[in-house]
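One structure is given here, and the rest of the page talks about it.
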Amino acid sequence: MKQAEAAAQRSTADTRPKAKRRPRRTQSERSALTREKVIQAVVDCIADEGLSKTTAARIAKRAGVTWGAIVHQFGDKDSVLLAVLERSFSNLSKSLAEALAGGARTPRERVSLLVDETWQRLTAPSFHAFLEIVLDRRRARDDSALKTRQEEIIMGVSKQIWTDLFGEFGVDPATIDPVRTLASASLLGMAILSMIGPRKPHFTREIATLKDNVLQLLRLNNGPQVRGR
């Protein structure tokens with residue numbers, strides 16, 4: 001009797017659908033995951049404790065990996081900090097590219113998209129980390145690779161984003177550059193002001209005014225079409 005019951009149980013178990021195993025991550029996927037954990041650990045550590053206390057040991061503990069693994073991925077602490085800056089601009093570029101992939105947008109839509117996406121990042125916790133790293137490098141007397149690369153990212157990537165968005169409308173780069181500087185400075189200033197005081201202002205009217213000013217200064221307020229279309 002017991003043998004019959006055991007055989008029946010085995011038969012029932014054989015007919016149950018087997019759970020699918022998750023495909024094993026590739027080496028590149030594991031490396032990307034580790035990099036993201038480390039970068040987020042830096043952001044969280046700076047936001048909670050400040051850059052001065054964001055030591056190698058604290059980064060490793062928050063990321064849940066060894067410092068040796070971090071060195072293998074990045075090289076050194078300066079390279080880890082640089083990766084935080086790179087991710088900020090990389091995510092902005094990616095978001096803009098995805099938003100524009102559906103087809104051509106009007107100048108007003110592009111200005112609104114750029115300002116809104118930039119503002120969203122400037123008001124996120126990662127901006128605090130970004131700002132502390134930038135200010136720390138500015139205070140440093142050495143001409144480190146991080147400081148040089150930092151300038152390339154902030155100026156070069158930002159310039160490329162604006163050129164990609166508005167160059168299609170035939171706007172001269174000499175016209176784009178001062179408008180880009182003005183818009184960036186305005187958004188950065190508002191982001192810093194939002195960090196001061198007990199209440200966090202939204203700057204809704206100021207941002208709307210900024211969008212109108214950018215359109216006017218780029219001479220796109222009449223909404224020309226993309227060249228060649």
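Read the figures in this text as sums done on the coordinates, not as results from a lab. The structure presented is a predicted model; accordingly, all values stated were derived computationally and were not measured.
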| query | Setting aside same-chain residues fewer than 8 positions from Lys211, which aspartates and glutamates have a Cα under 18 Å from its Cα? | reply | Glu109, Asp116, Glu117, Asp164, Asp177
| Using the Karplus equation 6.51 cos²θ - 1.76 cosθ + 1.60 (θ = phi - 60°), what ³J(HN,Hα) coupling, rounded to whole Hz, does each residue of region 172-186 give in order, writing x for Gly and Pro? | 5, x, 5, 7, 5, 4, x, 5, 4, 4, 4, 5, 4, 5, 5
| said: Using each residue's phi in region 64-79, evaluate 6.51 cos²θ - 1.76 cosθ + 1.60 at θ = phi - 60° and report the 3J(HN,Hα) Karplus result to the nearest Hz, with x for Gly and Pro. | reply: x, 9, 7, 5, x, 5, 5, 4, 4, 7, 10, x, 7, 5, 4, 5
| task | Please report the relative contact order for region 30-110, taking Cα pairs under 8 Å with a sequence separation of at least 6, and give it as a percent rounded to a whole number. | result | 27 percent
| message | I need the phi-derived Karplus couplings for region 148-158: 6.51 cos²θ - 1.76 cosθ + 1.60, θ = phi - 60°, integer Hz, Gly and Pro marked x. | response | 5, 5, 4, 5, 5, 5, 4, 7, x, 5, 4
| query | Amide H neighbours of Thr55 under 5 Å, counting only residues 5+ apart in sequence or on other chains, H built in-plane at 1.01 Å? | reply | none
| Longest to shortest principal axis, alpha-carbon extents of region 77-219, angstrom | 43, 36, 28
